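Structure, as structure tokens:
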Amino acid sequence: MSFQQLSGLEKPTEVVLRAISTGHMTHALLLSGPAGNGKIGFANAIAEFLNCTNPTDSDSCGVCAHCTKIRKLIHPDVHFILPIYSIKQEGSSQGQKTTGDFIAQFRPRFIDNNWIELEDWVQQLDSENKQVMIGVDEIRDLKRKLSLRAFEAKYKVVIIWHAEKMRTEAANALLKLLEEPPANTILILTTDDPSALLATIRSRCQQLLIPRIDIEPIQTELMQRYHLPEDQARQVALMAEGSVRKAQQIVERDSGQLSDKFQEWMRLCFDGRYDELSRLAEDLSKESREFQKYFLENALQKLKDTLHAQYLPETISLFIESDQKFLKNFSKVMSIEKLNTISELIDEAIYHITRNANAFMVFTALSLNINKVFKSKTLEPQKIN
């Protein structure tokens, strides 16, 4: 893909283009930054630009044979290493399957959405109950491939997606390649968490931060991909916290539904309707962990919106129509102290949900604590045990 298709990543693009134009492109690049901000797409764009037959000063042409093959993930000199679940080769007593055995599954998902994230890939593999990882056999297979001459491109490019998923043996095997890479070979590692990589891996790579995406590019992406109205796209973009993929997931999970459920929840908490809160907690406990987390993250964003409605009333028009009346009314019964306290309670709940606590108990306790906040003028947040 081209750099132009990755709206919002202009600064890291400038860094890479400057390095290439001055002959200082590193042989080992580590792209780090928060999830959902297009690191794998950016790595693919680098591979495309390096091997494009007719590049401009700022981008690949997108139509030459190299660009076309790289975009389709079928170029013989551009190699991907993906986290996969451990499985032995059929009929073999040794040796694990590698990315080559799964790339046909990955290819259409990536082509459809260059902002793909690990969660999407795990679901595609149907491996939710298995640990995905990058094993040493991947690196051994890679070394074999890189020992061969390039088939047709100027540069052989290796993209290791979510490099933090490398097992220790794999990471140690990669070190030799990072120290002495074959000629005209570029290794690009991506990670959401560079601290999870071996220090020796980090030290042998030039690190480039891929930042959170600004609101406007996310808004544009949502309007183009999902044909959302401008105000709704902006509201989702605000919730996404700089992650394009998170914004897409919110839309795909029906952001309107999340908003309606939040409003219902707050009304029940405010009124202290305990039977209905218990039923709502039971309904939420039946949802996936990801939905539960998104529900709570959406709630945090709505609390921030309430502050805007309270202290910057002119910003109300930026919110989707179904939220505007609720936010006006909700802001009248809230104070900064109460908003902060409820936000801390929700943060605490997210912590427990991500660590597989009993969801029914988490949502029940959270709802009761929020009701206490509404009833009390000053109340410190209570921990969820």
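The values are calculated or read from the model by the stated rules, or taken from the named source; none is laboratory data. All of these numbers come straight from a predicted model, not from anything done at the bench. When we count neighbours, we look across all protein chains shown, and the Cβ atoms used for this are built from the backbone with ideal geometry, even at glycine.
Yes or no: region 263-274 includes at least one residue that is farther than 13 Å from F363 by Cβ, outside any helix (DSSP H, G or I) and not aliphatic (A, V, I, L, M).
yes
When region 212-228 is examined, which residues are found to be free of Cβ contacts under 8 Å to residues at least 24 places away in the same chain, on the phi < 0 side of the Ramachandran plot and not in a helix (DSSP H, G or I)?
L228, the sole residue that qualifies.
If you go through region 256-309, how many residues are of a type in the set (D, E, K, R) and surrounded by 20 or more Cβ atoms within 10 Å (Cβ to Cβ)?
Counting residues in region 256-309 that are of a type in the set (D, E, K, R) and surrounded by 20 or more Cβ atoms within 10 Å (Cβ to Cβ) gives 2.
Somewhere in region 34-56, is a residue in contact with a Cys (Cβ under 6 Å, 6 or more places away or on another chain) and among the polar types (S, T, N, Q)?
Yes, region 34-56 contains at least one residue that is in contact with a Cys (Cβ under 6 Å, 6 or more places away or on another chain) and among the polar types (S, T, N, Q).
Would you mind stating whether I111 is surrounded by fewer than 23 Cβ atoms within 10 Å (Cβ to Cβ) and either touching a Cys at 6+ places or on another chain (Cβ under 8 Å) or assigned to a helix (DSSP H, G or I) (or both)?
yes
Which residue out of L307, L327, L303 is part of a helix (DSSP H, G or I), in contact with a helix residue (DSSP H, G or I) (Cβ under 7 Å, 6 or more places away or on another chain), among the aliphatic types (A, V, I, L, M) and at pLDDT 80 or above?
None of the other options fit; the residue is L303.
Which of the residues belonging to region 182-211 are part of a loop (DSSP other than H, G, I, E, B) and closer than 26 Å to C67 by Cβ?
Once the filter is applied, which keeps residues that are part of a loop (DSSP other than H, G, I, E, B) and closer than 26 Å to C67 by Cβ, region 182-211 yields P182, A183, N184, C205, I210, P211.
I'd like the full set of residues that are part of a loop (DSSP other than H, G, I, E, B) and surrounded by 15 or more Cβ atoms within 10 Å (Cβ to Cβ), limited to region 140-181.
A150, A153, Y155, W161, H162, R167, P181
For region 75-92, indicate whether the set of residues that are modelled with pLDDT of 90 or more, part of a helix (DSSP H, G or I) and within 23 Å of A173 (Cβ to Cβ) is non-empty.
no
Scan region 1-57 for residues that are in contact with a strand residue (DSSP E or B) (Cβ under 8 Å, 6 or more places away or on another chain) and more than 25 Å from S203 (Cα to Cα) and jot them down.
If the condition is that a residue be in contact with a strand residue (DSSP E or B) (Cβ under 8 Å, 6 or more places away or on another chain) and more than 25 Å from S203 (Cα to Cα), then N51 is the only one that fits.
Taking the stated definitions as given, is E117 surrounded by 21 or more Cβ atoms within 10 Å (Cβ to Cβ), assigned by TED's automatic domain parsing to the domain that holds K165 and under 16 Å from the mean Cα position of the chain (by Cα)?
The answer is yes for E117.
For region 28-42, indicate whether the set of residues that are among the hydroxyl-bearing types (S, T, Y), modelled with pLDDT under 95 and either in a helix (DSSP H, G or I) or surrounded by fewer than 22 Cβ atoms within 10 Å (Cβ to Cβ) (or both) is non-empty.
Within region 28-42, not a single residue is among the hydroxyl-bearing types (S, T, Y), modelled with pLDDT under 95 and either in a helix (DSSP H, G or I) or surrounded by fewer than 22 Cβ atoms within 10 Å (Cβ to Cβ) (or both).
Condition test on L30, is it hydrophobic (A, V, I, L, M, F, W, C), farther than 21 Å from C67 by Cα and under 22 Å from the mean Cα position of the chain (by Cα)?
yes
Among the residues of region 177-197, is there at least one that is of a type in the set (D, E), in the same structural domain as P12 (by TED's automatic domain parsing) and more than 17 Å from A35 (Cβ to Cβ)?
Checked region 177-197: at least one residue is of a type in the set (D, E), in the same structural domain as P12 (by TED's automatic domain parsing) and more than 17 Å from A35 (Cβ to Cβ).
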